[in-house]
Amino acid sequence: MNWETVIGIETHAQLSTRSKIFSSAATTFGAAPNTQACAVDIALPGVLPVVNREVIARAVRFGLAVGASINRRSIFARKNYFYPDLPKGYQISQYEMPIVQGGSIGIHLDGKEKTIRLTRAHLEEDAGKSLHEGLHDFTGIDLNRAGTPLLEIVSEPDMRSAQEAVEYAKVLHKLVVEDIQICDGNMQEGSFRCDANVSVRPAGSDQLGTRCEIKNLNSFRFLERAIEFEVKRQIGILEDGGKVEQETRLYDASNDETRSMRSKEDAHDYRYFPDPDLLPLMVSEDWIEEIRASMPKTTLEDERAELLKIGVPSYQAEQLTGDRATSTFALGTVSGTLPAQVPILSSLILGPLRAKLNEENLDIGQTKVSSDQLRQLSQRVVDGTVSITAASSVVLPAIWAGEGGPDEIIEKRGLKQISDSGELEKICDDVIAANPRQVEDYRAGKDKAFNSLVGQVMKATKGKGNPQQVSEILKRKLAG
């Protein structure tokens with residue numbers, strides 16, 4: 001039987017406020033256990049939560065960015081369950097009336113565009129953390145994370161492969177970190193983590209299968225591998241005549257498998273009810289418009305589309321828009337240049353320039369090669385003054401080292417290509433005469449022989465021959 005995979009993603013994005021959602025305690029990562037847990041966080045008797053205005057503003061920014069509805073009135077609820085790192089015995093979250101409803105995320109995969117619908121995005125507080133390592137027969141409880149503000153972003157089950165799920169997660173990560181800057185996105189520290197709801201069904205069916213939720217996937221690689229394993233596991237159960245049980249599972253990276261954690265709870269298991277300590281959350285129209293006016297006018301997806309429109313190859317446009325600083329630099333560099341310069345410029349930025357930045361651990365804002373210098377160098381490649389190889393391996397590193405501009409370095413280093421057709425014709429004649437066997441092989445249909453002849457011409461010119469001219473002259477002479 002052919003099977004179809006159905007995936008929905010729940011993403012917890014830690015909001016980048018300096019204090020927690022309902023207290024003034026700090027949210028800094030890495031503090032000693034329980035040093036950032038105040039009376040509200042540890043639920044001492046008589047304390048009351050007070051909502052952090054900046055947390056609400058960040059949630060509204062997200063809703064506006066994805067084209068969602070912002071609920072002018074939303075409610076905080078108590079989600080009741082017992083766990084040692086949840087001192088109140090409940091988590092403050094939103095249930096029936098979240099702050100953000102609807103919206104969508106666009107993804108690009110294999111040259112195709114797809115829209116992933118969002119169900120909602122709601123605010124909640126994080127729980128603490130149970131510590132096991134180094135404590136022998138005991139478990140320690142660190143409440144530093146208790147009360148940390150989270151935005152839980154819930155998608156519809158619109159994804160049909162692990163690759164689509166990863167692309168969705170990457171686009172969402174880029175949005176919250178780079179575009180609207182509401183989350184630092186550090187997956188190793190738990191600032192951005194995904195739960196994948198996975199099910200399978202017979203191809204063509206419109207009925208959803210029984211889903212399993214894979215919790216706390218904190219890397220794109222783990223997300224992909226966990227989904228791929230889970231899909232195979234569920235298909236194996238169904239094809240053996242079994243039944244998939246609804247449950248929560250964990251991904252074991254060391255064994256590359258998912259394993260059962262607990263039976264999956266439904267909403268009624270948590271006994272949600274409005275939190276009596278918190279009034280309904282009211283968001284005014286004026287405040288929404290104030291937040292809208294403060295948002296960036298373009299997103300990284302907008303800039304990616306602009307780079308594609310200018311002529312940057314798709315795979316390079318994706319890399320250039322991985323972060324806001326690189327995207328802005330690349331767009332400013334390629335805009336207004338000749339079409340022939342565009343792919344050369346994108347290659348120079350992603351190749352030798354990025355290598356130099358990484359070598360010295362610098363951001364692109366600290367580059368020692370300016371946009372003007374890159375444009376001038378790309379023009380010298382286009383007009384045949386210098387080869388792309390020499391531009392990348394010699395000229396750009398020399399500019400970085402402070403040896404001068406492109407023209408000065410090309411002249412000083414003797415890098416000008418030989419574009420004199422008469423001189424190149426003579427060298428090609430000499431190479432053809434000296435290599436009758438390779439000429440014969442080429443004429444017999446062996447293309448590798450041609451590459452060898454080109455290489456010998458380039459060697460004879462000490463790498464200064466214009467490769468395109470050399471290729472054209474050789475083909476013409478060999479055809480004759």
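The table for this structure:
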read-out	value
Probe 1.4 Å, protein heavy atoms only - accessible area per residue of segment 279-404 in square angstrom	47 Å²
Dipole of the chain, positive direction: furthest Cα of Ser346, Ser387, Val283, with charges on the beta-carbon	Ser387
Degrees, to the nearest 10: 285-294 long Cα axis against longest axis of the chain	30 degrees
Mean separation of Cα contacts under 8 Å (6+ apart) over length of segment 7-67, as relative contact order %	32 percent
Extension gain from Lys412 to Ser263, taking 0.36 nm per residue of separation minus the Cα-Cα distance	46.4 nm
Acute angle (nearest 10 degrees) that the helix 467-479 long axis makes with the longest principal axis of the chain, alpha-carbon atoms	60 degrees
Pair Asn435, Arg117: separation of 7 Å Cα→Cβ label points (nm)	6.1 nm
Proximal aspartates and glutamates to Lys88, defined as alpha-carbon separation beneath 18 angstrom and excluding residues fewer than eight positions away on the same chain	Asp41, Glu124, Glu125, Asp126, Asp142, Asp269, Asp275, Asp277
Theoretical gain in end-to-end length, Asn361 to Ser161 [0.36 nm per residue, Cα-Cα removed]	68.4 nm
DSSP-loop chymotrypsin sites (Phe, Trp or Tyr not before Pro) across segment 28-97, with at most 14 other Cβ within 10 angstrom	Tyr81, Phe82
Neighbour cut-off at most 14 other Cβ (10 Å), DSSP loop, GluC sites (Glu not before Pro), segment 381-480	Glu403
Per principal axis, descending, Cα span of segment 349-405 in whole Å	33, 19, 18
Computed [θ] at 222 nm, helices only, for the chain once each DSSP H run of length n ≥ 4 contributes -39500 (n - 2.57)	-10500 deg cm²/dmol
Highest to lowest packing among 351-358, 154-161, scored as the average C-beta count within 10 Å	154-161, 351-358
From the coordinates shown, mean projected area of the Cα convex hull in nm² corresponds to which of [x] 24.7; [y] 31.8; [z] 23.6	[y]
For segment 1-126: accessible area per residue (Å², 1.4 Å)	46 Å²
Segment 362-480, accessible surface, carbon-and-sulfur percent (1.4 angstrom probe)	49 percent
Ranked by how many other beta carbons lie within 10 Å on average, peptides 460-466, 177-183 from highest	177-183, 460-466
Between 0 and 90°, nearest 10: helix 447-460 axis offset from the chain longest Cα axis	70 degrees
Within the accessible area of segment 1-145 (1.4 Å probe), percent carbon and sulfur	52 percent
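The values are calculated or read from the model by the stated rules, or taken from the named source; none is laboratory data. All values reported here derive from a predicted model rather than from experimental measurement. Glycine gets a Cβ as well: all are built from the backbone with ideal geometry, and neighbour counts include every protein chain shown. Heads up: the accessible areas ignore ligands, DNA and RNA and are worked out on the full protein's heavy atoms, side chains in. Shrake-Rupley method; radii C 1.70, N 1.55, O 1.52, S 1.80 Å.
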